[in-house]
Structure formats: structure tokens, C-alpha cells
1. What FRET efficiency would be calculated for the residue pair SER390, GLN438, taking the C-beta separation as r and a Förster radius of 35 Å, to the nearest 0.05?
2. Hey, can you find the accessible area per residue of segment 56-159 for me, probe 1.4 Å, expressed in square angstrom?
3. Report the Cα centroid-to-centroid distance between segment 302-342 and segment 1-61 in angstrom, as an integer.
4. Ordered by packing density, taken as the mean number of other Cβ atoms within 10 Å over each peptide's residues, highest first, how do 17-26, 235-244 rank?
5. Placing +1 on the Cβ of each Lys and Arg and -1 on the Cβ of each Asp and Glu in the chain, which of GLY393, ALA83, HIS55 has its Cα farthest towards the positive end of the resulting dipole?
6. Leaving ligands, DNA and RNA out of it, report the carbon-plus-sulfur percent of the accessible area of the chain at a 1.4 Å probe.
7. Defining a contact as two alpha carbons under 8 Å apart and six or more residues distant in sequence, what relative contact order in percent does the chain show?
8. Each residue of segment 368-378 in turn: what ³J(HN,Hα) in whole Hz from Karplus with 6.51, -1.76, 1.60 and θ = phi - 60°, glycine and Pro shown as x?
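The values are calculated or read from the model by the stated rules, or taken from the named source; none is laboratory data. Keep in mind the model is a prediction, meaning the values are calculated, not measured. No Cβ is skipped: glycine too gets one built from the backbone with ideal geometry, and neighbour counts run over all protein chains shown. Keep in mind that these areas ignore ligands, DNA and RNA; they rest on the heavy atoms of the full protein, side chains included. Shrake-Rupley method; radii C 1.70, N 1.55, O 1.52, S 1.80 Å.
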Amino acid sequence: MEGLEGTLAELRDTFKSGRTRSVAWRKSQLRAMIEFVQDNEEEIFKVLGQDMGKHPVEAYRDEVGIVAKSARLSLSCVEKWMAPRKGNIPLAFFPASAEVMPEPFGVVLIMGSWNFPISLTLDPLIGAISAGNVVVLKPSELSPACSSFLAETIPQYLDHKSIKVIEGGIDVCEQLLQQNWDKIFFTGSQRVGRIVMTAAAQHLTPVTLELGGKSPAILDSSSNPANMKVIAKRIVAAKWGSCSGQACIAIDYMLVEEKFASYLIDLLEKTIKQFFGENPRESKSLCKILNKNNFKRLLDLLKDPLIRAAVVSGGSVNEETMYIEPTILLNPPLDSQIMTEEIFGPLLPIITLNNIHDSIEFISSRPKPLVIYAFTRDETFKKQILSKTSSGGVTFNDTLIQFACDSLPFGGVGQSGFGRYHGKYSFDTFSHEKAILQRRFFPELEPRYPPWNDFKFQFIKLLYAFNYIGLLLLLLGLKK
Ligand code: NAD
């Protein structure tokens with residue numbers, strides 16, 4: 001890629017000049033971001049339609065609305081987030097002051113994802129801007145219409161001296177990763193996450209990895225039967241209603257009690273029809289499979305005879321139009337690819353258990369998921385899920401909406417990634433928290449200095465053993 005070093009040198013100079021640190025700059029960029037989404041709503045719908053057939057309503061819910069909401073929140077809070085926070089000072093060090101001052105990392109790289117190519121690229125950018133960084137934005141080449149749109153349009157709104165959009169494929173990513181960044185924020189697969197982290201290690205660059213994995217949904221038969229229609233809607237929404245299952249927070253597979261399975265399958269089939277019609281291939285509310293590679297990967301999963309035998313609903317495909325019908329599978333082998341790799345598509349395996357409490361062992365003996373969904377009324381079971389499993393998050397009795405809840409950190413743990421963002425967490429993710437301590441020259445505690453003697457030893461021990469108020473009282477003879 002020509003001129004990358006020059007671009008980075010320019011960005012470093014911009015950062016050094018202090019241009020992006022002021023609250024005025026940050027607010028102007030956040031305002032420009034809001035203007036960008038407002039002015040370009042129709043164009044964004046168009047490019048999302050071209051890349052993955054996303055319906056405008058879905059596009060607004062998952063992309064435009066998310067970005068606008070996030071920019072508005074940051075605009076109203078950025079000054080508060082930037083303000084240094086006072087810390088407590090041990091009494092022994094009085095008079096002194098302690099402060100935590102957020103400072104921008106510097107030049108950051110954001111590598112976006114194709115499935116939500118607007119929100120998963122611009123939402124991290126909002127965090128980086130709020131924190132006062134200069135940014136290279138790399139949209140995913142796998143959603144080409146969205147990538148070109150961002151590359152063309154973002155510079156018309158945002159400060160192009162501080163924010164650059166660089167387009168390209170794997171070769172461009174490789175070259176970008178060779179550079180010395182102050183922070184890398186990556187959304188994508190575990191495989192590329194490892195590549196990003198290896199590259200970042202060469203420069204000791206901090207990274208946030210927003211990865212995926214197999215996110216399960218548990219359905220407990222204690223769920224109120226009156227709520228089952230709502231539950232089915234929320235399950236179908238999380239498997240087929242957001243990017244056709246090509247979402248990191250999609251339900252990957254379900255765990256249900258055996259006696260409940262046929263009832264659930266029946267209800268899911270009815271709900272799929274309600275959402276996408278008798279013939280979902282004609283539905284405008286169902287996104288398409290992104291590209292040939294993804295389609296072939298999903299087709300290969302389905303071609304396995306043991307998997308075909310497990311299909312209980314759907315299962316038809318059309319290679320020409322890259323269509324895969326919403327498909328439900330019952331008890332595919334646990335060692336098959338569909339149960340060991342992230343599905344990332346419109347296939348839903350249902351695994352039956354004799355006792356729903358076994359779901360805890362099922363989940364905790366596998367890599368930590370990005371999210372666990374659980375439909376249950378049983379408060380004890382909820383507590384067990386929380387205390388005996390680990391995941392990026394847990395959502396009870398609903399799906400997907402945790403993503404739009406700015407007060408919650410969004411991110412994985414273990415193989416589903418690390419680091420978090422959304423709301424204030426985005427600001428924190430792109431900030432270094434600088435610790436500042438200021439002291440005066442009087443009074444002076446001599447026991448902290450050599451030469452050492454037994455008195456100083458005892459004094460220092462006391463200093464650590466008591467809280468400092470306690471130590472003061474002790475020294476004043478008011479405490480035994
Ligand atoms: P991917 O990891 O295959 O690709 C991401 C980017 O990495 C692409 O732009 C690609 O050019 C680049 N890349 C690929 N090979 C590379 C290499 N060898 N060196 C350098 N760069 C390389 O991911 P994807 O297919 O775009 O997205 C699917 C994955 O992303 C799923 O696992 C999904 O769960 C995850 N995801 C996670 C989140 C989240 O927020 N946690 C959101 C969306 C997607």
C-alpha cells in the first residue's frame with residue numbers, strides 16, 4: 001500500500017499537535033457524526049441492501065440507530081468522562097492529592113466487521129474520537145459497498161487530518177498490522193484475532209478483540225407457557241432476524257429439556273412463518289448470506305449425512321441465489337463441525353438434555369461464549385448460571401437487546417475476546433488512565449528512608465497493617 005508510512009507520520013504529527021485533545025474538537029466530530037448519519041440514512045440503507053440485503057428497518061435498528069444513539073450519548077457526556085477523577089490519599093502522605101486523568105492513546109487502528117459494517121465500524125470510532133485519538137479506520141472489504149461508501153463519505157464530514165479511512169483486503173490488513181499503533185481495536189474471528197494479537201505483540205500495542213464463538217440459549221421448561229409465543233419470537237429474532245444468524249450475538253445453538261423439544265420446534269416453525277412468510281426465500285426481512293465463501297462453508301456443514309439426518313425443519317438451499325432456508329436441527333452429533341465451530345448462519349441446532357441444570361456443565365466445559373441467553377423463571381437456576389459459567393454477558397428472557405444497552409459493557413471473555421465498549425466503556429477502552437500524585441515537602445515521614453532500624457521496621461509494618469485513620473488514632477494514643 002503506497003504512502004502508508006506517510007499517512008501515519010501525518011497522523012502522528014496531528015496527534016502531537018494536540019488538535020484532537022480539546023473538548024471542542026471531540027464535540028465537533030461527534031456532532032459531525034450525527035450529521036453524517038442523518039444526511040446519509042438513505043444511502044446507508046442502500047449500501048447495506050447491496051452488501052447483504054438488509055431491510056431498512058433492520059438497518060436502522062442495528063446500524064444507523066445504534067450509531068446515532070451512541071454519538072448523541074458521547075456528545076452529552078464527553079466532557080464529564082474527560083474530567084480527572086479525585087482519588088483517596090493515605091493519611092500518612094497528607095497533604096497530597098491523587099487524580100486519575102484519562103488521556104488518549106494516540107494513533108489507533110480500528111478494523112471493522114462486514115456483518116454490521118456501519119455500526120461495528122463507527123461505534124468504536126465514536127469511542128476513539130471521544131477519547132481524543134487520531135484514527136485509521138479499516139472497514140471490512142467483505143462488505144464492499146459499505147466500505148467504499150465510508151471511504152468516500154466519512155472525509156466529507158469528519159476531520160480528515162485526524163481520521164483516515166483505508167480500504168483493502170487481507171494484504172492491506174497485513175501491512176496495517178506491521179505498523180506501530182498505540183491501540184488496535186479489532187472485530188472479527190478468533191483466527192484473525194490471534195494474527196492481530198501476534199502482530200500487536202511486536203510493538204507491545206494494547207488490543208481489544210471483539211470476537212465471536214458459540215453463544216448458547218437455554219430454555220427451561222419452567223418458563224410460563226403463556227410466555228412461550230414471546231420466547232419463540234425472541235429466539236427467531238436472534239437466529240434469523242438479525243443478519244440471518246451472521247451475527248456475533250446470534251443464538252448459535254439451544255439447550256432444552258427433551259420433553260420440551262417438539263413443542264419448541266413446532267412453535268419456532270410457526271414463528272418463522274409469521275416473520276418471513278410461507279416462503280422465506282421471498283422475504284425482504286431475511287438478509288442474504290454474505291458471499292460464496294460463507295455460503296459454501298454453511299453448505300459443507302449441512303452436507304454431512306449425520307447433520308442432514310438431524311434436520312427437522314427447513315434445510316433447503318439454492319446454490320444460485322446462495323439461499324439457505326431457516327433450518328432447525330435436533331441433536332446433531334456433539335463432535336460434528338456444526339457443534340464445535342461457530343455457525344454464523346441460519347442453522348439452529350437444538351440439543352436436548354434430561355435435566356436443564358445439565359446445561360451449566362455443557363456450557364462451562366466448552367470455550368467461554370460471548371453471551372449466554374437463558375429463558376427461565378427459576379431464580380435459583382439464574383443464580384447458578386451466573387455463578388457457574390463464564391461469558392461476555394448473560395441475558396435472561398430476551399435476546400440481542402443487551403447490545404443496545406449503553407450502560408452495559410459489550411465484549412467477550414476467553415476465546416470470545418477481551419476488552420469492552422459501548423457508552424462510557426468505549427471512552428475507557430480508547431483512553432489510558434494516567435495516575436497523578438502531587439505532594440508537598442512537609443511533613444516528612446523519616447521512617448521511610450534508610451538507614452533501616454527496628455523502629456522503622458515496626459513503623460512501616462504499622463503503616464501497612466492499619467488503615468491510615470487507624471494509624472493516626474494509634475499514634476495519638478486513642479486506639480489500642
Ligand atoms: P475475519 O476475522 O475473517 O475477518 C476480519 C478482517 O480480518 C477482514 O477485514 C480480513 O481482511 C482480515 N484478515 C483476514 N485474514 C487476515 C490475515 N491473515 N491477516 C490480516 N488480516 C486478515 O472475520 P469476519 O468473517 O469478517 O467476521 C466473522 C467473525 O467476526 C465471527 O467469528 C463473528 O463472531 C465475529 N464478530 C464479532 C463481533 C463482536 O462484536 N464480538 C461482531 C461481528 C463479528
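1. On the way: r = 40 Å, r/R0 = 1.14.
According to the calculation, E is roughly 0.30.
2. Working: 3320 Å² over 104 residues.
Accessible surface, normalised per residue, equals 32 Å².
3. Rounded to whole Å, the Cα centres lie 38 Å apart.
4. Numbers: 17-26: 14.9, 235-244: 25.1.
Taking the mean over residues of other Cβ atoms within 10 Å, the ranking is 235-244, 17-26.
5. ALA83
6. Details: 12240 of 22180 Å².
Carbon plus sulfur share of accessible area: 55 percent.
7. Working: 878 pairs, mean separation 86.3, N = 480.
Taking the mean separation of contacting Cα pairs over the length of the chain, I get 18 percent.
8. These are the phi-based 3J(HN,Hα) values: 5, x, 5, 8, 10, 9, 9, 9, 7, 9, 7 Hz.
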